Amino acid sequence: MMLFTATGHFAYLEEMALMIPDFIPFKREAVFLIGLFEIAAAVGLLIGRLQAIPAWLLIAFFILVLPANIHAAITNIDYQTGANTGPGLAYLWFRVPQLVLSIVWKYFFGVRLNHAAKTLRKRISTNGMSSSK
């Protein structure tokens, strides 16, 4: 999913820049960097021992993008056309639960299970179960 959403940041660069509130400078550059970040995070999630780092970064990212999503909803931004013909506040009924689900998903599968796997590997190596008997 992260790779899919990352491509949107490149395909709709100008349009997605309109989603960012006015007080944030360098909107186009921010959208481009966010796309790169999402690609790097997606790759990082595939590396078992590093999963917790991109998972925590994505959790923070999902929280930080909520104001841009709210701004886009209030101003009716359609991120594909850049016009003010978007779904408005109805968009938030989809986007907010999606962000919450993404946060829970990244925490459970990227942080919690990763921690459990590390703990199990440590127990196995400490108890000598990894060597053949």
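Entry remark, the stretch 71-89: residues being out of contact with any Pro (no Cβ under 9 Å at 6 or more places or on another chain) and buried (at least 16 other Cβ atoms within 10 Å of the Cβ) number 5 in total.
Note on the stretch 107-117: among residues that are surrounded by fewer than 13 Cβ atoms within 10 Å (Cβ to Cβ) and among the hydrophobic types (A, V, I, L, M, F, W, C), the one that is nearest to the chain's Cα centre (by Cα) is 108.
Restricting the stretch 1-26 to residues that are farther than 20 Å from residue 60 by Cβ and without any contact (Cβ under 8 Å) to a residue 12 or more places away in the chain leaves a set whose member that is surrounded by the most Cβ atoms within 10 Å (Cβ to Cβ) is 11. Only one of the listed residues (43, 104, 96) is more than 11 Å from the chain's Cα centre (by Cα), surrounded by 14 or more Cβ atoms within 10 Å (Cβ to Cβ) and modelled with pLDDT of 90 or more. That residue is 96. Kindly indicate whether residue 29 is free of Cβ contacts under 8 Å to residues at least 60 places away in the same chain, of a type in the set (D, E, K, R) and in contact with a Ser or Thr (Cβ under 8 Å, 6 or more places away or on another chain). So residue 29 fails the test.
The values are calculated or read from the model by the stated rules, or taken from the named source; none is laboratory data. If you're wondering where the values come from, they're calculated on a predicted model, not measured in any experiment. Note that each Cβ is placed from the backbone with ideal geometry, even for glycine, and that neighbours are counted across all protein chains shown.
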